[in-house]
1. What number in nm² do you get for region A:93-231 if you take the convex hull of its Cα atoms and divide its surface by four?
2. Under the definition of partner shielding as Cβ atoms of other protein chains within 10 Å of a residue Cβ, what is the mean value for peptide B:164-177?
3. Using only atoms on other chains, find how many Cβ atoms lie within 10 Å of each Cβ of peptide A:58-66 and report the average.
4. Could you give the length gained on full extension between B:Ala168 and B:Glu71, defined as 0.36 nm per residue of separation minus the Cα-Cα distance, in nm?
5. Cβ neighbours within 10 Å, averaged per peptide: list B:154-163, B:101-110 in order, most packed at the top.
6. Just to compare against my own numbers: the Cα pair-distance distribution for region B:136-286, 5 Å bins, whole % per bin, please.
7. Would you please report the Å³ per residue occupied by the convex hull of the alpha carbon atoms in region B:92-184?
8. Let me have the relative contact order for chain A, percent, based on Cα pairs under 8 Å that are six or more residues apart.
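Nothing in this text is a laboratory measurement; each read-out follows from the coordinates by a stated rule. Because the structure is predicted, anything quoted here is derived from the model rather than measured. Note: ideal-geometry Cβ built from the backbone for every residue, glycine included; neighbour counts use all protein chains shown.
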Amino acid sequence: MAAIRPHRRDDRPPTLAIRDLRVEIETRRGRARVVEDMNLDVWPGEIVGLIGESGSGKTMTALAVLGLMPRQAGIAAGGIDLAGRPLTELDDAERRAVRGDRIAYIPQDALRALNPVLRIDTQVGEPYRIHRAMPWKQAAARAVELLRAVHLAQPEQRAREYPHQFSGGMQQRAMIAMGLALEPELLIADEPTTALDVTVQAQVLKLLREIRDTHGTAILLITHDLGVIAEVCDWVYVMYAGAVLEQGPVRRIFERPAHPYTQALLRATPTVRSVQGELLSIPGQIPPPYELPSGCRFADRCPRRFERCVREPAHLEVEPGHTARCWLLAAPAPLAAGPPERRAGRDA
Amino acid sequence: MTANAARAGRARRTRFNLRRWGLLLAGGLLTAIVVFAALFAEVVAPFSPYDLDVDTMLQGPNAVHWLGTDEVGRDVLSRAIFAARISIVVALVAVGVGLIGGTVIGIVAAYFGGWIDLALMRLMELLFSFPAILLAVILLASLGTNILNAMLAIGIIFIPGFSRLARAATNGVLRQQYIEAARAIGMSDARILLREILPNVMTPLLVEAAVAFAYAVLLESALSFLGLGAQPPEPSWGNMLNTGRGFMAQAPWLGIVPGMAMFLCVLGFNLVGDGLRDAFDPHMRD
């Protein structure tokens, strides 16, 4: 196994282990399962990608790890372990002690994540004041060092500025600096590059890789961008309508996507070669979490569905370490898509 | 052509600024005069506001008593100046009570939501449903009539308004990602309220405080007029006006002077309040 997942260690537990997690939200239309049967590991020094469309449950997974889910949401089953210790059993004060200290969170839109009325050094130094009770001046001095560590030019002067004086990339660097303050074991980055332009994106991704290399931080990178996954991740989980449909080493998933959803996702991503050709989109929409189909949740959009898809498949092995939730892996592959009149719809 | 357009634009901007800043300046000047008079009443006032003098009863404005004397021979100008002090102090304390009480209630209601929000806001609506003067009279009747209770009563009148403003502003701030980011670094509720929310909701509240100040001056005068605020012989524009009412035919200055003082003071604070509101209103910025 170690060879397949190089960051896996036998002598210690993964930094983050999500086991059979189910998150439910009370809505007016009933109880919605927004995350279901979720299993995910992040090992020390590993960058793990969590990819999915909007509404696929990836942000809810991150919020569950942080203990910051909205009031209506709750963990209905399963558990979340941080370095072998269950997070879900901690009370509010204990969880607060973990947030920002052992787990850092980097949000999508850095400008909106910075308080507009406080100076950068005040904000970046905040974790020291909260978790280490450090005096203001000392925290601000440490903040300058952090800003230098994330390669912000002229950190001494810049530290005294306000967020609106920063460019998008600089703001994101400041957020990352804040996340790094107490050298957390786990860094959760929720679409950290989405709001940035491409050249700055590359710099931020390079920075994340650098953090991993120097501190051995485990990083969970949430994104909807396959390019980001390909660029920095070691391992990837593909999420759809609240469940992981495929997971495995990034290289293998790109070379041999097993699930029709992953295949469609890869085809829908423009590459240099395909730009001139037709860009494919996936017909249909992600099913809402309060009316999930009883069978495979991708079935009604799947070009290759057949009879068995009315029942939900389990994760089946594609190759060592690489699994997908699809009946195609169990049965001999059918010659073509199932006959249209016998489709397994979601009214099943 | 371009130069002309630029000049026209500059002229328009200048005129606009002149109007805006001119009013703010006039208001500031009036406010400054009132505040100065209140602070240095002993120095500014030509006579004591309390000294009776039977020989100079009900004199019209003259060289010695610029604004005349009242029914017991006290200098009206001096009494009006000392009355400014009471008005300012009462307004300051009342607005302070309203601002602090309302801000705390509004922020807490919005932040914790649920039944806390419901309970606090229904309580505020209950207070809001009373006419201001009636509420003040009820409070003073139960607390006892003195100037300290008048400050408190006026402050309580202000609490619902400030609390609604604070609650609305907090609801806006709570949707911001920096609140979530603050939680994500393990910040406690108390710290989020103080460091993240409070500074971001202060601007509209401070502007409202400037406007409320003028209203507080009026309310204090109204209560004193009714005999529920400053107690004689303590001079207040309200009780001076009440006295002057009885002498409108013989000595009109007894009513006109406190009335004018009140008018100028309220005008000054209102102009400052409006100016501040415009200055902080993003729609007014060019």
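1. If you wrap the Cα atoms of region A:93-231 in a convex hull and average its projections, you get 8.0 nm².
2. Details: counts 0, 0, 0, 0, 0, 0, 0, 0, 0, 2, 0, 1, 5, 9.
Mean shielding by partner chains, rounded to a whole number: 1.
3. 1
4. Values: separation 97, 0.36 × 97 = 34.92 nm, distance 5.09 nm.
29.8 nm is the gain from fully extending B:Ala168 to B:Glu71.
5. Going from most to least packed, we get B:154-163, B:101-110.
6. 2, 9, 13, 14, 14, 12, 11, 9, 7, 5, 3, 2, 1, 0, 0
7. Dividing the Cα hull volume of region B:92-184 by its residue count gives 97 Å³.
8. Reported relative contact order: 19 percent.
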